[in-house]
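Notes follow the structure.
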């Protein structure tokens with residue numbers, strides 16, 4: 001089978017990092033740790049596993065940040081991954097070969113992959129987190145029958161969807177009803193990430209929130225807020241015109257340009273009728289502001305602005321991941337703001353119903369309450385992976401939002 005393989009080879013990584021300073025496309029060039037290869041199809045690890053023929057796989061921000069070497073070697077998450085990797089965890093596929101103990105799934109069924117490699121896929125008894133459905137907090141991501149990895153795509157034993165086929169445990173597979181399209185289904189993963197963040201710190205029913213960043217996660221955040229808190233006022237910060245258009249289409253009442261930051265803060269002050277407190281130098285702070293900031297970027301600069309525009313006792317919920325750096329964080333303690341990290345998703349409680357996030361998503365989509373397929377802007381075959389990654393890198397030119405790999409039926 002054809003697969004995009006990412007290898008942890010020092011010489012390739014160093015050469016690519018040096019070349020990419022002048023030529024960003026080097027990250028998908030001849031020296032890159034990422035190469036298209038022919039691999040043998042992986043065998044089924046056990047009787048509870050099945051093989052999926054990939055139909056669609058989304059390129060997540062975490063995928064292309066890794067490919068473009070946007071990370072730090074002291075990131076503690078490096079203790080929970082293994083190589084070589086076939087990236088891609090936003091997968092829709094078709095069941096092909098099913099083990100003897102795979103119940104409820106037949107060859108030919110369309111399947112949505114829940115990518116978490118938590119206790120059950122590893123052949124372990126549920127840890128305290130998995131027992132309550134908090135799959136992203138599993139204590140055993142480096143134990144059990146699989147090599148270390150938190151989800152498909154970053155474990156050497158669990159290939160992701162940047163390949164023509166992959167294997168999955170039956171507990172990870174959700175059979176799709178016929179009235180859900182592949183395009184709708186492939187967005188279940190990013191929406192569930194945003195849903196989880198929203199539920200960690202929900203807004204007041206009639207409150208005002210800021211969604212910082214309108215990539216896929218930010219747009220899904222807007223959609224989740226409009227779906228579950230229709231009376232809440234949503235301000236959104238967008239970097240590119242295509243993001244701004246989609247944010248307004250999904251229900252953001254106000255869309256603000258991400259630069260300059262001074263104008264952004266002043267606009268939030270106007271929208272929330274909050275006084276500005278201007279320091280001797282640098283950016284001002286609001287003593288009023290928004291009830292929650294959902295930061296889907298996670299840059300030091302976005303965290304700083306988020307803290308400045310959040311009201312006292314508000315929350316800043318961070319789903320984006322970027323390199324760390326110094327920023328002015330005095331408003332964090334002065335306004336007693338809660339800084340909340342949000343990772344992944346699992347079983348989520350909505351209106352008293354606790355189910356896997358994918359089950360909520362499928363129901364809302366079938367009911368016509370949610371359709372995120374307009375977020376999909378680009379599709380590529382696997383052989384066109386260089387063009388796919390560069391579309392993600394150069395969103396100002398490509399106007400990309402959600403980029404997919406698609407595979408022949």
Response to the item:
Within the stretch 361-405, of all residues that are within 16 Å of residue 176 (Cβ to Cβ) and more than 17 Å from the chain's Cα centre (by Cα), the one surrounded by the fewest Cβ atoms within 10 Å (Cβ to Cβ) is 367
Item to complete: Report, by residue number, each residue of the stretch 10-55 that is surrounded by 14 or more Cβ atoms within 10 Å (Cβ to Cβ) and part of a loop (DSSP other than H, G, I, E, B).
Response: 29, 31, 32, 33, 39, 41, 42, 44, 45, 46, 48
Item to complete: Name, by its number, the condition in (1) in contact with a helix residue (DSSP H, G or I) (Cβ under 6 Å, 6 or more places away or on another chain); (2) touching a residue at least 40 places away in the same chain (Cβ under 8 Å) that does not hold for residue 154.
Response: (1)
Item to complete: Residue by residue through the stretch 98-120, note down the ones that are part of a loop (DSSP other than H, G, I, E, B), over 22 Å from residue 5 (Cα atoms) and in contact (Cβ under 8 Å) with a residue 40 or more places away in the chain.
Response: 99, 100, 101, 102, 103, 104, 105, 109, 120
Fill in: Selection count, the stretch 56-97, where residues are part of a strand (DSSP E or B) and either surrounded by 21 or more Cβ atoms within 10 Å (Cβ to Cβ) or without any contact (Cβ under 8 Å) to a residue 24 or more places away in the chain (or both)
9
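Every residue, every condition in (1) over 30 Å from residue 270 (Cα atoms); (2) out of contact with any helix residue (DSSP H, G or I) (no Cβ under 8 Å at 6 or more places or on another chain); (3) not in a loop (DSSP other than H, G, I, E, B); (4) not assigned by TED's automatic domain parsing to the domain that holds residue 53, yes or no:
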{"residue": "314", "(1), (2), (3), (4)": "no, yes, yes, yes"}
{"residue": "361", "(1), (2), (3), (4)": "yes, no, yes, yes"}
{"residue": "377", "(1), (2), (3), (4)": "yes, no, yes, no"}
{"residue": "385", "(1), (2), (3), (4)": "yes, no, yes, no"}
Discussion item. All but one of (1) crowded, with 17+ Cβ neighbours inside 10 Å; (2) within 17 Å of residue 192 (Cβ to Cβ); (3) out of contact with any helix residue (DSSP H, G or I) (no Cβ under 7 Å at 6 or more places or on another chain) hold for residue 335; state the number of the condition that does not hold.
Written reply: (2)
Discussion item. Please go through the stretch 181-210 and give me each residue that is buried (at least 24 other Cβ atoms within 10 Å of the Cβ), closer than 19 Å to residue 311 by Cα and either under 18 Å from the mean Cα position of the chain (by Cα) or assigned by TED's automatic domain parsing to the domain that holds residue 58 (or both), ordered by number.
Written reply: 197, 198
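Does residue 340 satisfy the condition of being assigned to a strand (DSSP E or B) and either in contact (Cβ under 8 Å) with a residue 60 or more places away in the chain or surrounded by 14 or more Cβ atoms within 10 Å (Cβ to Cβ) (or both)?
Working: assigned to a strand (DSSP E or B): yes; either in contact (Cβ under 8 Å) with a residue 60 or more places away in the chain or surrounded by 14 or more Cβ atoms within 10 Å (Cβ to Cβ) (or both): yes.
Yes.
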Practice prompt. Go through the stretch 253-296 and give me each residue that's in a strand (DSSP E or B) and free of Cβ contacts under 8 Å to residues at least 40 places away in the same chain.
Written response: 254, 256, 257, 276, 277, 286
Item to complete: Filter the stretch 297-308 down to residues that are without any contact (Cβ under 8 Å) to a residue 60 or more places away in the chain and part of a loop (DSSP other than H, G, I, E, B) and give me whichever is nearest to residue 61 (Cα to Cα).
Response: 298
Worksheet item: Just wondering, is there one or more residues in the stretch 347-356 that are closer than 17 Å to residue 92 by Cβ, in contact with a helix residue (DSSP H, G or I) (Cβ under 7 Å, 6 or more places away or on another chain) and either touching a residue at least 60 places away in the same chain (Cβ under 8 Å) or outside the structural domain of residue 63 (by TED's automatic domain parsing) (or both)?
Response: no
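The values are calculated or read from the model by the stated rules, or taken from the named source; none is laboratory data. These figures come from a predicted structure and were not determined experimentally. Note: ideal-geometry Cβ built from the backbone for every residue, glycine included; neighbour counts use all protein chains shown.
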